[in-house]
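Heads up, the thing below is written out as structure tokens.
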Amino acid sequence: MDVDYGHRSVLLDECIEALAIRPDGVYVDGTLGRAGHSLEIVRRLTTGRLIALDRDETALAAARERLAAHMDRVTLVHSNFSRLGAVLDELGVDGADGMLFDLGVSSPQLDDASRGFSYRQDAPLDMRMDRDAPLTARELVNTYPCEELRRILLDYGEERYAPQIARAICEAREKKPIETTLELAELIRGAMPAKALREKQHPAKRSFQAIRIAVNDELGELVPMLDAAEAHLKPGGRLAVITFHSLEDRIVKQKFKELSTGCICPPEFPVCVCGRTPKIRLVTRKPIVPGLDELDGNPRSRSAKLRVAEKC
């Protein structure tokens, strides 16, 4: 762990083992973040190359400093990972030996109150991972129809009090726009019944997750990224994906299942006519989760799940 950063990336050892890094290989970190995973990948390269993407310019700037000693083997790209295929094509990369995607919001984004992700610190409602993106949490909260807000809270936050919270938001914004994170958090708290307020987690946690996912189209980007990753991996190349909530994990699990399925002809067919063959094989049938030591040192890792596949 880098003392200067005081942070260890989630499932770091497990990711490095899963990628089976070759010193001369080409690797992609599609979610650069604090560059913890990237640093451990590039340390294992000699003539190889690391391509690291992030939609957050702040993360890229910090990575240039953290990876300074290895920049001759690193290419940093400002891009959403859903553009993975186009990025690799633009760079002239025929195929990668391994790819890693850590789908969690990076700690700097959560810890920087000005980014508007936190329900514990007051800041303008923003929540954009890419500060150049047009949609902010303020616009979403103040302009989306009440029914759409309810759907977002229910589908992306699995918030059982979504109707009450959406109604409270819509009633409040009729009087004046909702401007800050704590203002929104208090609205959410006030819309929930007393029994919900006795739960261990903060009452606004699920709603803030849902709004963040909608602002950044996090789930919409997943399938294009996974398809592009499979298409741009070399045979034997590894794909490692870390998810942090059930919605993401369900999408990754389903896509891995689809890509690893061969013939889909009915059992009564004497021979295969569909011609379908598996594109990947599952390296892990069940997701890898953090051990007790990691949970003690980093409570944010509690919901992390790592799934690994290999290109056929």
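The values are calculated or read from the model by the stated rules, or taken from the named source; none is laboratory data. The structure displayed is predicted, hence computed values, not measured ones. Here Cβ is always computed from backbone atoms with ideal geometry, including for glycine, and neighbour counts include all displayed protein chains. Note: areas computed on protein heavy atoms with side chains; ligands, DNA, RNA excluded. Shrake-Rupley method; radii C 1.70, N 1.55, O 1.52, S 1.80 Å.
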Whole Å is fine, so just give me how far the alpha carbon centre of segment 137-160 lies from that of segment 43-79.
35 Å
Protein accessible area in segment 127-243, 1.4 Å probe - carbon and sulfur %:
52 percent
Whole-number accessible area per residue in Å² for segment 48-171, which is evaluated in the context of all protein chains at 1.4 Å
43 Å²
Flagged links, alpha-carbon separation over 27 Å, of K205/K311; K200/K305; K234/K305; K286/K311; K205/K305; K257/K305
K205/K311
Starting with the highest mean, order 170-178, 122-130 by the number of other Cβ atoms within 10 Å, averaged over the residues of each peptide.
122-130, 170-178
If you rank C265, C146 by how much accessible surface each has, with a 1.4 Å probe, what is the order from largest down?
C146, C265
Looking at [x] 6, 27, 37, 24, 5, 0; [y] 6, 25, 31, 22, 12, 4, 0; [z] 6, 20, 23, 20, 15, 10, 5, 2, 1, 0, which value of P(r) over Cα pairs in 10 Å bins from 0, in percent comes from a calculation on the structure shown?
[y]
On average, how much area does the Cα convex hull of segment 215-307 cover when viewed from any direction, in nm²?
8.3 nm²
In sequence order, what are the phi-derived ³J(HN,Hα) couplings for segment 242-259 according to the Karplus relation 6.51 cos²θ - 1.76 cosθ + 1.60 with θ = phi - 60°, rounded to whole Hz, with x for glycine and proline?
9, 10, 10, 8, 4, 5, 5, 4, 5, 5, 5, 4, 5, 5, 4, 5, 4, 6
Taking amide hydrogens as modeled 1.01 Å from N in the peptide plane, which residues meet the under 5 Å criterion relative to T180, leaving out close sequence neighbours?
L125
How would you order 93-103, 72-82 from highest to lowest mean count of nearby Cβ atoms within 10 Å?
93-103, 72-82
Rank these residues by their accessible area, most exposed first, probe 1.4 Å: R138, R160, R22.
R160, R22, R138
